[in-house]
Each structure stands twice: as C-alpha cells, then as structure tokens.
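Chemist: The structure's right below; bear with me while I get my questions together.
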Amino acid sequence: MIEFIQRMIDLAVRYHTLFLNGIRYTVVLALVGTACGLLIGLVIGGLRAISKQMEINDTALTRIIKKIIDIVTYIYITVVRGTPMMVQGMLLWFGYFQGAGWNALAAGCLIISVNTGAYMAEIIRSGIMGIDKGQSEGARSIGLSAWQTMRLIVLPQALKNSIPSIVNELIVNIKDSCVLSVMMIPELFFQAETIAGTTLKVTETYTLLLVLYLIMTSLAAWLMGIVEKKINHRKSNYFSSQTVAEGE
Amino acid sequence: MEHVIEIKHLAKSFGTQKVLNDINFVVDKGEVVTIIGQSGSGKSTMLRCINLLEVPDAGEIYVNGKSIYEGNINKHRSEVGMVFQSFNLFDNKTVLENCVLGQVKVLKRNKHEAIEIAHKYLKKVGMDEFADKPSTQLSGGQKQRVAIARSLCMDCQVILFDEPTSALDPITVDEVLNVMKKLAEEGLTMVVVTHEMAFAKDVSDRVVFMENGVIVEEGRPEQLFVNPQTDSLRRFLGRYLNQQTA
Ligand SMILES: Nc1ncnc2c1ncn2[C@@H]1O[C@H](COP(=O)(O)OP(=O)(O)OP(=O)(O)O)[C@@H](O)[C@H]1O
Ligand SMILES: [Mg+2]
C-alpha cells in the first residue's frame, strides 16, 4: 500500500509538467463551458419561457416567430441532451473542425459550451417556473414588456435559485471534459493516457488521475459555496443594483 | 364629465365557466369606487381585465376614452396602476429600485428624476426611510405601501386595488387603509375590491355589488348599505354582519 502510494507520488513528480498542463486544459474547458453554457442557457431558457406565453397584442408574425423559437430550441435541447458528448465531439471534430483548420481547444470549448447550454436552458427554465407568477404580473402591470420582465425580474431570481444546479454543471464539466480527449485536446485524461502508455504503470496513473479530479471538483464545490454565501448574504442587492443603473 | 374607465358588455369565461357576464360600468375622474361581493363572484377577474392581465372574451373597455386594445399595451398598463393582494413587489430589488424601474424602463425618465419622484411618493406612503432596504425584508403592510408608491410613480390615471388588505394582519390593515384614504382625499381615482366594509362605507363615493359575474346593485354607500334593493345584497350584508360580530 505504502509502496503503491510512493510509486504514485514518483509518477506525479516525474510527470508534473504533463499533469499540470492537462489540468490547465481541463480547467479551461470546464470554466469556459460552464460560463458560456450558462449564458446560452439564460438566453434559451428565457426565450423558451416567453415563446410559450401568448400576448394579446401578438401579431400573426410574432406568433409564428414564437412557434419557431419554441421548436428550434426544443430540438436543440433534445438532440444535445439525448446524445453523448463524446460522439458529438468525434463527429464535429473529424467531420468538420479539423478539416476547417480549427484549433482543438477552441472546438472543444465550443462543443462543451453548446452541450452545457442545453442542460442550463432546462435548469433556468425550471428556475423560471419556480418564480411566483405575481412577480411577472407586478412587472407587466407597470408596463414592462415580456422580455424586460424576463430579463430584469424573473431571470435574476431564477438564476439565484439555480445556483446549486449551476455549480453541479461545473463539477460535471470538470469530469466530463475528459471525453473531449477524443478530439486530441491534451487535457488531463489525455495526458494520463500518454503517461500510462509510456510507463505501463496503469493502476498508479489512473488512481492518481482520480485523486486529481477529486481535488479539482472539491475545490470547485468549495469556491462556489463561498460565492453562493456571498450572494445570499448580499440578498436582493446582488443582481439588482446594476440593472437600474445601466438604463436601457 | 370624462370617464376614466368605461366598461361595456364585458364578458369572460374560464373554460365553460362564465365568470363575467355583460358587465357595464363607469368610473369618473376622482371617484373612489369599491367593489364588494362573495368570493368567486368575478371581482378580481374584472379588475384584471381592465389591466389586460386577463383577456376579455367580449365587450369594450376604455381608459380615458381610449380603447385598451388600441395603441401600445405596455403604455396602457403603465397608465392603470394595480395593487395586488399579494403585493407582488420585485423580490430582487430594493424599495427604491421597485419604484424607479418602471419609470426608467417604461416612461423613459432619466434616472435622477426617477429617483426624486420615487422618494416623493415613498414619503407620501411613509416608506422613504426604507428606500434602500431589500423589498423582501419588509412587513406586509410596508410592502403594500411600497406597492402603492410604485403605482403612483408611474403617474397612472387610476389605481385598481384587488383586496389590498386581505393578506395583512388586523393591526397593519389600518396603515394601508390610511394611505388609501389620504389618496382618495387628494382626488386619486380608485377602484377597490375589498372586504373592508368600513372603508367601503366611509371612503367610497360609490359601491358596486357583484354576484355570479354580474353587477347586481350599485349606488352611493349610504343608500346601498342602509337600504339594499335586492335579496342577494341583503343576504350578503347580513352574512357579513354576522361574521363581524361572531
Ligand atoms: N385563471 C383562471 N382559470 C380558471 N378559473 C379561474 C381563473 N381565475 C379565476 N377563475 C375562476 O373564476 C371565478 C371568479 O374568480 P375571481 O377571482 O374573479 O373571483 P373574486 O370575486 O375575485 O373572488 P375572491 O373574493 O375569492 O378573490 C372563480 O370561480 C375562479 O375559480
Ligand atoms: Mg379576488
């Protein structure tokens, strides 16, 4: 047991540049994927919620646009969530991005963002449904438009209530970005594969890999816990103060 | 005399249930009209139709002589204030922001002017010292006073109150009613759905009694309360008095 750990430490020391490099790529993929995914999720989740509301002053054209938005976003969410990211990565990388001369990391960031966006859209949408109807009625009654109501009143509250699920997505992304190694992105899992291949110390390498992932996910959970506490502490002021300040 | 609100042949159903049936009714400038009636008689639905939070099935509604279907719906809504039983303040905003947001986004006022106006109306409802508090940290009565200020900030022509004190404990009811009385004295046009018969009697110019989606009786409060013309109103008032004394 002690010897096994000793061999793991040796590996870590000998290949620390490779591991660190891998961690860097993994962190970039997870952070970019979660941040961009959240942005996509906010827009798509908000749009989906609005496209389901019928307004009396909707013109025929608006109705058609709403229907199209509803269908298109539904297809996006269903396809992305219903297929493995690894297969999406393989297909898009070898089918398009590689040939088009894309950088692997950029393509990976795009794929993980689009993927996370689909999950985030559903997280945000259920967050929106959890907000009391009175909030939007109050907003509409003073004359705010549907989109203003969504952006200024409903989404900020839905976002705040969704923080635990959003943190969960970050943790999922730290782990699941490993499937993007199929696109030749030298992230942590890719590096471990290389190291295991050259040293043939397979068990040691992958145990070490597990430990590294566990450290990263724990760190993420801990940091986000602090952020969440800050937001809840500042209560209503956090998301709101800038919205009035920025004007239209 | 200019009608602030004019409703003609308003009808509304939810599914097969007819909730409003041929409602005709006007509110003049400066009038305070209270609407009373059993739970489920359609009072809220009627108010919500005026603000288009509910879409009428038939009939016409005019605010200041203009059909509510004409022009911009958001502008129309900004001209008709609405105070809800459940307050509906923006939970992610401070008291001041609640009052400023609509002015900036809907009326396109500049922010400094909007803040000044917000303070003015918060003072009027006695809530200015709470301006920087998150709205979630207020008591019910305080929330409702802020909600009234939020409507006033929009320079609305009329404010519709839907049971503004029903969610409050008896002690705080008066703090809201007093603000409403003050506004009534200052000549604000108000339509108030309420179970506060004392308010209906003392403050309103006219009382409207609804039952099963129709207006059964309306008139000056002294006439309606002292000398009800219909059995249903007599029954309603009788039951009400029993409740009060029980
Ligand atoms: N969105 C809705 N969908 C279906 N039915 C509704 C809806 N809103 C109201 N109703 C029904 O319409 C009827 C009238 O409701 P309304 O809220 O207007 O009554 P009310 O006079 O305000 O009663 P209360 O004193 O309880 O507030 C009720 O039977 C209610 O169940
Ligand atoms: Mg009601």
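Coordinate-derived values only; no laboratory data. These figures come from a predicted structure and were not determined experimentally. Neighbour counts are summed over all protein chains in view; Cβ atoms, including those assigned to glycine, are modelled from backbone coordinates with ideal geometry.
Chemist: For segment B:55-198, compute Rg over Rh where Rg is the Cα radius of gyration and Rh is the Kirkwood radius from the inverse mean 1/r over Cα pairs.
Modeler: That ratio is 0.97, to two decimals.
Chemist: With springs connecting C-alpha atoms under 10 Å apart, model chain B as a Gaussian network and identify which of B:I171, B:I148, B:I50 has the largest mean-square fluctuation.
Modeler: The residue with the greatest mean-square fluctuation here is B:I171.
Chemist: Ignoring solvent entirely, what values of log10 I(q)/I(0) come out of the Debye formula for chain B at 0.08, 0.10, 0.11, 0.16 Å⁻¹ when each Cα is a single scatterer?
Modeler: At q = 0.08, 0.10, 0.11, 0.16 Å⁻¹ the computed log10 ratios are -0.30, -0.48, -0.58, -1.20.
Chemist: With springs connecting C-alpha atoms under 10 Å apart, model chain A as a Gaussian network and identify which of A:A106, A:A118, A:A220 has the largest mean-square fluctuation.
Modeler: In this elastic network of chain A, the residue with the biggest mean-square fluctuation among A:A106, A:A118, A:A220 is A:A106.
Chemist: Let me ask something else about it. Could you pull out the pairs from A:K230/B:K93; A:K52/B:K105; A:K52/B:K143; B:K108/B:K181; A:K175/A:K201 whose alpha carbons sit more than 27 Å apart here?
Modeler: Result: A:K52/B:K143; B:K108/B:K181 exceed 27 Å.
Chemist: Another question, if that's okay. Quick check: Cα centre of segment A:68-123 to Cα centre of segment B:76-98, how many Å?
Modeler: Between the Cα centre of segment A:68-123 and that of segment B:76-98, the gap is 40 Å.
Chemist: Here's another thing I want to ask about it. Between A:I40, A:I142, A:I71, find the one with the highest GNM mean-square fluctuation for chain A; connect C-alpha pairs within less than 10 Å.
Modeler: A:I142
Chemist: What fraction of the Cα pairs in segment B:7-94, stated in percent, has a spacing above 15 angstrom?
Modeler: That fraction is 64 percent.
Chemist: Could you line up A:I69, B:I7, A:I185 from fewest to most neighbouring Cβ atoms inside 10 Å?
Modeler: Final ranking by Cβ density, sparse to dense: A:I69, B:I7, A:I185.
Chemist: Which Cα, out of A:V72, A:I23, A:L38, lies furthest along the positive dipole direction of segment A:1-85 (beta carbon charges, K/R +1, D/E -1)?
Modeler: Final value for the positive-end residue is A:V72.
Chemist: While we're here: Which order results if A:I65, A:I123, A:I166 are arranged by neighbouring Cβ count within 10 Å, fewest first?
Modeler: Going from least to most buried by this count: A:I65, A:I166, A:I123.
Chemist: Give me the Kirkwood hydrodynamic radius of segment A:2-247 in Å, from all C-alpha pairs, to one decimal place?
Modeler: Mean inverse Cα-Cα distance, inverted, gives 20.3 Å.
Chemist: With a/c under 1.5 counting as rounded, go ahead and sort segment B:66-109 into rounded, prolate or oblate using the C-alpha gyration tensor (a ≥ b ≥ c being the square roots of the eigenvalues; past the cut-off, prolate if a/b is larger than b/c, else oblate).
Modeler: The shape class here is oblate.
Chemist: Here's another thing I want to ask about it. Looking only at other chains, what is the average number of their beta-carbon atoms within 10 angstrom of each beta-carbon in B:97-104?
Modeler: The mean count of partner-chain Cβ atoms within 10 Å per residue comes to 5.
Chemist: Alpha carbon centre of segment B:198-246 versus segment B:1-28: separation in Å?
Modeler: Cα centroid of segment B:198-246 versus Cα centroid of segment B:1-28: 19 Å apart.
Chemist: Fewest to most neighbouring Cβ within 10 Å: what's the order for B:F25, B:F90?
Modeler: B:F25, B:F90
Chemist: Suppose R0 equals 35 Å; then what is the FRET efficiency for A:F94 and A:K229 from their Cβ-Cβ distance, rounded to the nearest 0.05?
Modeler: E between A:F94 and A:K229, to the nearest 0.05, is 0.20.
Chemist: Also, I was wondering about something else. Restricting the calculation to Cα positions, tell me the Rg (one decimal) and the Dmax (whole number) of the protein assembly as shown in Å.
Modeler: 29.8, 100
Chemist: Starting at the first residue of segment B:219-226, write each ³J(HN,Hα) from the Karplus equation 6.51 cos²θ - 1.76 cosθ + 1.60 with θ = phi - 60°, in whole Hz, x for Gly and Pro.
Modeler: Residue by residue, segment B:219-226 yields x, 5, x, 5, 6, 5, 7, 7 Hz.
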